[in-house]
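Read the figures in this text as sums done on the coordinates, not as results from a lab. Predicted model only: the values in this text are computed from it and were never measured. Glycine gets a Cβ as well: all are built from the backbone with ideal geometry, and neighbour counts include every protein chain shown.
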Amino acid sequence: MTKFSANLGFLWSDLPLPAAIHAAKAAGFDAVECHWPYDTPAPQVQAALQATGLRMLGLNTRRGNPEKGDNGLCALPDRTTEARAAIDEALAYAVVISAANIHVMAGFSDGQAAHDTFVANLRYATQRAAAHGITILIEPLNAYDAPGYFLRTTQQARSIIQQVAAPNLKLMFDCYHVQLTEGDLTHRLQDLLPVIGHIQFASVPDRGTPDHGEVNYAHVFDVIAQLGFNAPLGAEYKPVGPTGQSLGWIQSFA
């Protein structure tokens, strides 16, 4: 039976985070994850998780200053101090709420200096996270939604994971982003399984519910199960209208 995690960056985004966690539990999700929870005190999130019995699978490092175009800091050679502060902040928050993973966001950058900076910051992150049993995730983003983002393909991500060589550095395999950039989802899932730490999904190309679009998620989810990956899959889609009215797909795939 496929398990699902509600990404509260998109689902129930109109609710305070603790209320969204309760809504996810009521809807039958097996876990939750989020983007940037930092405006909500961590003890409030912890209390909601304890009350519902749900686990927080992950959160992101801060983007920096989105109003100035930032979408992560950790591959920006001139912003290492900010990047490591964001890693420290995410780690402190994750420890309080017992989050499993932290997605370290690379940002808009390119070239060898960006690569070297990202590797150095990931080594910093993995070393600090290891003491708490937390996994660091990196995620390639597609060029339609995030043109100029440093981390673009799964092969680039795997190469970086191999270079950092930390057991708690893994790939966030977002089917939506991978399909738009590379396609061939099921073969890539099989090939990359040893380095995958979390899987997310949404329809392609509109990033909606997984019951429409160009990806046959019934097949993809079956392949994931056959590969032995049994952790909850992250529903990171953008609902049209109230989240509660978008959940008809769950019974089709559970």
Which pairs do you get when a residue that is under 11 Å from L151 (Cβ atoms), found in region 106-128, comes within reach of a residue that is surrounded by 22 or more Cβ atoms within 10 Å (Cβ to Cβ) and among the β-branched types (V, I, T), reach meaning Cβ atoms under 8 angstrom, with the pair 6+ apart or on two chains? A106/I138; S109/T117; L122/V104; L122/I136; L122/I138
Quick one: count up the residues across region 192-238 that are over 15 Å from A254 (Cβ atoms) and part of a helix (DSSP H, G or I). 7
Conditions: (1) assigned to a helix (DSSP H, G or I); (2) out of contact with any Pro (no Cβ under 7 Å at 6 or more places or on another chain). I102 meets all but one. Number of the miss? (1)
Could you grab me the full set of residues in region 142-157 that are within 18 Å of R207 (Cα to Cα) and either in a strand (DSSP E or B) or hydrophobic (A, V, I, L, M, F, W, C) (or both)? A143, A146
Give all pairs with beta carbons closer than 8 Å in which a residue from region 83-101 that is in contact (Cβ under 8 Å) with a residue 60 or more places away in the chain and at negative phi meets a residue that is exposed (fewer than 14 other Cβ atoms within 10 Å of the Cβ) and among the polar types (S, T, N, Q); count only pairs at least 6 apart in sequence or on separate chains. none
Of those in region 110-166 that are acidic (D, E) and in contact with a His (Cβ under 8 Å, 6 or more places away or on another chain), the residue nearest to N60 (Cα to Cα) is E139
Residues that are in contact with a Ser or Thr (Cβ under 8 Å, 6 or more places away or on another chain), polar (S, T, N, Q) and more than 15 Å from E139 (Cα to Cα): does region 211-218 have at least one? no
